[in-house]
1. Anyone know which of K145, K12, K119 comes out most mobile in the 10 Å Cα GNM of the chain?
2. What does the charge dipole of region 11-71 about its Cα centre add up to, to the nearest 20 debye, if the Cβ of each Lys and Arg holds +1 and the Cβ of each Asp and Glu holds -1?
3. Mind jotting down the three principal axis lengths of region 96-211 based on Cα atoms? Whole angstrom, largest first.
4. Across the chain, how large is the tail of the calculated P(r) beyond 24 Å, expressed as a percent of all Cα pairs?
5. Residues with amide H under 5 Å of I85's amide H, sequence separation 5 or more or different chain, H placed in the peptide plane at 1.01 Å from N; which?
6. Do any of K39/K68; K27/K119; K27/K87; K27/K147; K12/K68; K17/K170 go past 23 Å between their Cα atoms, and which?
7. Radius of gyration and Dmax for region 57-99's Cα atoms, expressed in Å?
8. Restricting to DSSP H runs of at least four residues, report the calculated mean residue ellipticity at 222 nm for the chain, -39500 (n - 2.57) per run over all residues, nearest 500 deg cm²/dmol.
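Read-outs throughout are calculated quantities, based only on the coordinates presented, and are distinct from any laboratory measurement. Bear in mind that the values here come from a model prediction, so they are computed numbers and not experimental data. FYI the Cβ positions are ideal-geometry reconstructions off the backbone, even for glycines, and counts take in every protein chain you see.
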Amino acid sequence: MINIYNEILLAKSEAKKLLAILIDPDKVSIESTSELTQKINQSPATHIFVGGSSFDGTHLDELIIELKSKINLPILLFPGNPSQISKEADGILFLTLLSGRNPDYLIEHQINAVPILNKTNLEVISTGYILIESGNETAVERVSKTKPLDRNNHQYALQTAQAGEFIGNKLIYLEAGSGAALSVPQEMITLVSQNIKIPLIVGGGIRSKQEIENTFSSGADIVVIGTAFENNSNFFDN
């Protein structure tokens, strides 16, 4: 079995950029996977993230089994709560919502996830999750009942990311949120990427191939697209 995190570290050391497509199980049925997976296989995606803020966990195993039968990419869980854990995936982003102060998302959900994770072979990757203000209320903000960080206070975002690194997070994830009006500011991405040693993921509000390139150029190691690909499975054809 491959070590997904080591592969991400290797890619970072070689300045190879990675692209993850986020699949929200709330929006994808088993029946619709054929066309979706065909488009993913034609895309430059290197990873699949599966999860959503409000998904209740039903049909998750079946969905991942179906995806794995058609896609030869690592599938990482991106859970909003412990009900979104599936032993069928390859790994899990073990998220701590560093930008919020709701103890459920700082430690309680993580504790409740442990007995479930202990019954799987999932690769657990500790991830510091930082929500950045994006012009509208996102699902993450609504469900977690936390406020995002000020998009203009780049220094505080950096301090938050560095705190996550000091705590021991293996990845930092700057997130504008699903369906965000505004993506994470390029200047913020650059400041954070230049001052942490661990890989940086950036997602939310990225709606074009040019925006993906701009996010990579600003310092992201992994870019995540979700809504844009959901709304247009021909996203990479343009």
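1. Sorting by GNM fluctuation, first place goes to K119.
2. Computed about the Cα centre, the dipole is about 500 debye.
3. Dimensions of region 96-211 along the principal axes of its Cα atoms: 41, 31, 29 Å.
4. 40 percent
5. For I85, whose amide H was placed from the backbone, there are no distant partners under 5 Å.
6. As for pairs spanning more than 23 Å Cα to Cα, those are K27/K119; K27/K147; K12/K68.
7. Cα radius of gyration and Dmax of region 57-99 are 11.1, 36 Å respectively.
8. Dividing the helical sum by the residues of the chain leaves -10000 deg cm²/dmol.
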